[in-house]
1. Based on what the data block shows, is Phe19 among the aromatic types (Phe, Trp, Tyr), more than 13 Å from the ligand (Cβ to nearest atom) and part of a loop (DSSP other than H, G, I, E, B)?
2. Six or more apart or on different chains, Cβ atoms under 7 Å: show the pairs whose first residue is in region 64-90 and not assigned by TED's automatic domain parsing to the domain that holds Ser43 and whose second is aliphatic (A, V, I, L, M) and in a helix (DSSP H, G or I).
3. Any idea how many residues of region 50-74 are out of contact with any strand residue (DSSP E or B) (no Cβ under 8 Å at 6 or more places or on another chain) and either away from the ligand (no atom under 16 Å from the Cβ) or not aliphatic (A, V, I, L, M) (or both)?
4. Test Thr46 against the criterion of being of a type in the set (Val, Ile, Thr), within 9 Å of the ligand (Cβ to nearest atom), without any contact (Cβ under 8 Å) to a residue 40 or more places away in the chain and surrounded by fewer than 16 Cβ atoms within 10 Å (Cβ to Cβ), and give yes or no.
Amino acid sequence: MVRNSKLAKSISDAGWGQFCTMLKYKVELEGKIYIEVDRFFPSSKTCSNCLHPVDNLSLDIRSWQCPKCQTRHDRDINAAMNIRDEGLRILAGGHLATASGQRVRPSKGTAFRGNAG
Ligand SMILES: [Zn+2]
């Protein structure tokens, strides 16, 4: 997103790095794992159904149809699914030192500790 000159300024203004830092802190406080997907991972341009990459997908195109499997995609939903899957792939590959020996999801007690009594 930062490579796009129109989006770069607004992302920088919003303090993307600070947002990620706060998100990482909150996630780890909850006993969960924070994973960053490579910034150049083609999340929008890859079909989340068959993984076929498309060459060009300008920002004004908000939905598209995969030329290989014919699946229709909402651009943002497709990208979110690809980012989720890439994060799970990284986690399964054990590329994070913090992944070994830690729980992926907190127990019910941890998740609802504030309301349990
Ligand atoms: Zn496809």
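The values are calculated or read from the model by the stated rules, or taken from the named source; none is laboratory data. In this text, all values refer to a predicted model and were calculated from it rather than measured experimentally. Ideal geometry is used to build each Cβ from the backbone, glycine not excepted, and the neighbour counts take in all protein chains shown.
1. Values: among the aromatic types (Phe, Trp, Tyr): yes; more than 13 Å from the ligand (Cβ to nearest atom): yes; part of a loop (DSSP other than H, G, I, E, B): no.
For Phe19, the condition - among the aromatic types (Phe, Trp, Tyr), more than 13 Å from the ligand (Cβ to nearest atom) and part of a loop (DSSP other than H, G, I, E, B) - is not met.
2. Partner pairs satisfying both residue conditions: none exist.
3. To start, the set of residues in region 50-74 that are out of contact with any strand residue (DSSP E or B) (no Cβ under 8 Å at 6 or more places or on another chain) comprises 50-51, 55-56, 58-61, 67-70.
Those still in the list that are either away from the ligand (no atom under 16 Å from the Cβ) or not aliphatic (A, V, I, L, M) (or both) too: 50, 55-56, 58-60, 67-70.
The number of residues fulfilling the criteria is 10.
4. On the way: of a type in the set (Val, Ile, Thr): yes; within 9 Å of the ligand (Cβ to nearest atom): yes; without any contact (Cβ under 8 Å) to a residue 40 or more places away in the chain: yes; surrounded by fewer than 16 Cβ atoms within 10 Å (Cβ to Cβ): no.
In short, no.
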